[in-house]
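Chemist: I have a structure here, written as structure tokens, and I will follow up with some questions on it.
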Amino acid sequence: MRRADRLFQIIQIFRRSSRPITADAVALELEVSKRTVYRDIADLIGQHVPIRGEAGLGYVLDGHFDMPPLMLTADEIEAAVLGAQWVVGRGDPVLASAARDLIAKITSVVPERLRPFFAQPATGTRPGNIAADGIDIARTRSWIHTGRKIRISYRDERGETSERTIWPVVVGYFDAVRMLAAWCELRQDFRHFRTDRVATAEFRDERHGCRPGELRGRWNRYMAIKHGRAPRS
């Protein structure tokens, strides 16, 4: 790895963590000596990169630090292309279109030498065959962000229909179906609804009163308990 690339990667390691990162951890990830890491960090600080901390305790990057967002490595480009390909093949129509636009925008601004990684990527995904949604997924994502309720008519695997008022949490994208995780007022618990089994959906302006991040945290704890990854309180 070139030194310039290594300095950039050190900044990336610090950017993705809100907790102090030790020189040992950086050295392990970059496969260099700890002494090299200390020298690189000193050079970055000398270049006015706002890194705080000290040897033995760990380092953090000031949260206000910014740098050009499109200084991408070849591996980062492959990751972006692979993710966008997956979304084009399996995302809802709005996200699929956004993924195509994303690749076009990035391709137009990266250096010429990196454009082949977009035009001829070394990775790929097979096309998806997703069951048709019975609910507007783009609007559902908006309701998740704004913390509003949705009234749905839902058919279960036996074809029986029930009326539910739900607090949507997250849309899950799978190979053949999409799944909507939500708090169900009828069951007073979290439930997962296949979007192709939603017969009708009424998007209400009523807010459920739980911050989206808090509701997502409650669902994460529910899933951890359900799959035996956390103790019951």
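The values are calculated or read from the model by the stated rules, or taken from the named source; none is laboratory data. The shown structure was predicted, so the numbers you read here are calculated from the model rather than taken from an experiment. Please note: Cβ atoms are built from the backbone with ideal geometry, for glycine as well, and neighbour counts cover all protein chains shown. Remember, those area values only see protein heavy atoms, side chains included, never the ligands or the DNA or RNA. Shrake-Rupley method; radii C 1.70, N 1.55, O 1.52, S 1.80 Å.
Chemist: Out of the residues in segment 153-162 that are open to solvent by less than 50 Å² (accessible area, probe 1.4 Å) and polar (S, T, N, Q), state the one that is farthest from Arg90 (Cα to Cα).
Modeler: The qualifying residue farthest from Arg90 (Cα to Cα) is Ser162.
Chemist: Let me ask you something else. Could you please give the count of residues in segment 173-192 that are open to solvent by 20 Å² or more (accessible area, probe 1.4 Å) and within 19 Å of Ala131 (Cβ to Cβ)?
Modeler: Start the filter on segment 173-192 by keeping residues that are open to solvent by 20 Å² or more (accessible area, probe 1.4 Å), which leaves 173-177, 179, 183, 185-189, 191-192.
Narrowing further to those that are within 19 Å of Ala131 (Cβ to Cβ): 173-177, 179, 191-192.
The number of residues fulfilling the criteria is 8.
Chemist: If you don't mind, another one. Look at segment 139-152 and say how many of its residues are out of contact with any Gly (no Cβ under 9 Å at 6 or more places or on another chain) and either assigned to a strand (DSSP E or B) or open to solvent by 30 Å² or more (accessible area, probe 1.4 Å) (or both).
Modeler: In the first step, residues of segment 139-152 are kept if they are out of contact with any Gly (no Cβ under 9 Å at 6 or more places or on another chain); the result is 139-146, 148-151.
Those still in the list that are either assigned to a strand (DSSP E or B) or open to solvent by 30 Å² or more (accessible area, probe 1.4 Å) (or both) too: 139, 141-142, 145-146, 148-151.
Number satisfying all stated conditions: 9.
Chemist: Being assigned to a helix (DSSP H, G or I) and of a type in the set (A, V, I, L, M, F, W, C) is the filter here; which residues of segment 97-118 pass it? Lay out the reasoning, then the answer.
Modeler: Residues of segment 97-118 assigned to a helix (DSSP H, G or I): 97-109, 112-114, 116-118.
Residues satisfying the conditions are Ala98, Ala99, Leu102, Ile103, Ala104, Ile106, Val109, Leu114, Phe117, Phe118.
Chemist: Turning to a different aspect of this structure: Within the group Thr200, Thr165, which residue is closer than 24 Å to Ala132 by Cβ, β-branched (Val, Ile, Thr), open to solvent by 50 Å² or more (accessible area, probe 1.4 Å) and not in a helix (DSSP H, G or I)?
Modeler: Working: Thr165 fails: open to solvent by 50 Å² or more (accessible area, probe 1.4 Å).
Selected residue: Thr200, the only one of Thr200, Thr165 that is closer than 24 Å to Ala132 by Cβ, β-branched (Val, Ile, Thr), open to solvent by 50 Å² or more (accessible area, probe 1.4 Å) and not in a helix (DSSP H, G or I).
Chemist: Then there is this: Would you say Thr73 is in contact (Cβ under 8 Å) with a residue 60 or more places away in the chain and either open to solvent by less than 50 Å² (accessible area, probe 1.4 Å) or touching a Phe, Trp or Tyr at 6+ places or on another chain (Cβ under 8 Å) (or both)? Don't jump to the end; show me each part of the working.
Modeler: On the way: in contact (Cβ under 8 Å) with a residue 60 or more places away in the chain: yes; either open to solvent by less than 50 Å² (accessible area, probe 1.4 Å) or touching a Phe, Trp or Tyr at 6+ places or on another chain (Cβ under 8 Å) (or both): yes.
When the stated conditions are applied, Thr73 passes them.
Chemist: Also, I was wondering about something else. Give the number of residues within segment 153-162 that are in a loop (DSSP other than H, G, I, E, B) and either of a type in the set (Lys, Arg) or on the phi > 0 side of the Ramachandran plot (or both).
Modeler: Residues of segment 153-162 that are in a loop (DSSP other than H, G, I, E, B), as a first pass: 156-160.
Subset that is either of a type in the set (Lys, Arg) or on the phi > 0 side of the Ramachandran plot (or both): 158-159.
Residues meeting the conditions: 2.
Chemist: Taking Val109 as the residue in question, decide whether it is touching a Leu at 6+ places or on another chain (Cβ under 6 Å) and open to solvent by less than 50 Å² (accessible area, probe 1.4 Å).
Modeler: Criteria not met by Val109.
Chemist: Separate question: Within segment 79-87, identify whether any single residue is open to solvent by 40 Å² or more (accessible area, probe 1.4 Å), closer than 30 Å to Arg139 by Cβ, under 25 Å from the mean Cα position of the chain (by Cα) and without any contact (Cβ under 8 Å) to a residue 12 or more places away in the chain, and answer yes or no. Can you show your working first?
Modeler: Within segment 79-87, the first condition is being open to solvent by 40 Å² or more (accessible area, probe 1.4 Å), and the residues that meet it are 79, 82, 85-87.
Cutting the leftovers down to closer than 30 Å to Arg139 by Cβ gives us 79, 82, 85-87.
Now drop any that are not under 25 Å from the mean Cα position of the chain (by Cα), which leaves 79, 82, 85-87.
So of that shortlist, the ones also without any contact (Cβ under 8 Å) to a residue 12 or more places away in the chain come out as 79.
Yes: segment 79-87 contains one or more residues that are open to solvent by 40 Å² or more (accessible area, probe 1.4 Å), closer than 30 Å to Arg139 by Cβ, under 25 Å from the mean Cα position of the chain (by Cα) and without any contact (Cβ under 8 Å) to a residue 12 or more places away in the chain.
Chemist: Taking the residues in segment 128-138 that are part of a loop (DSSP other than H, G, I, E, B) and under 21 Å from the mean Cα position of the chain (by Cα) as candidates, determine which candidate is modelled with the highest pLDDT. Talk me through it step by step, then tell me what you get.
Modeler: Applying the first criterion (part of a loop (DSSP other than H, G, I, E, B)) to segment 128-138 yields 128-136.
Then keep just the ones that are under 21 Å from the mean Cα position of the chain (by Cα); that gives 128, 130, 136.
Values: Gly128: 71, Ile130: 84, Asp136: 95.
Taking the candidates together, the pick is Asp136.
Chemist: Which of the residues that make up segment 209-218 are closer than 15 Å to Thr140 by Cβ and either among the small types (Gly, Ala, Ser) or open to solvent by less than 20 Å² (accessible area, probe 1.4 Å) (or both)?
Modeler: Just the residues of segment 209-218 that are closer than 15 Å to Thr140 by Cβ, to begin with: 212, 215-216.
Scanning segment 209-218 gives a single hit, Leu215.
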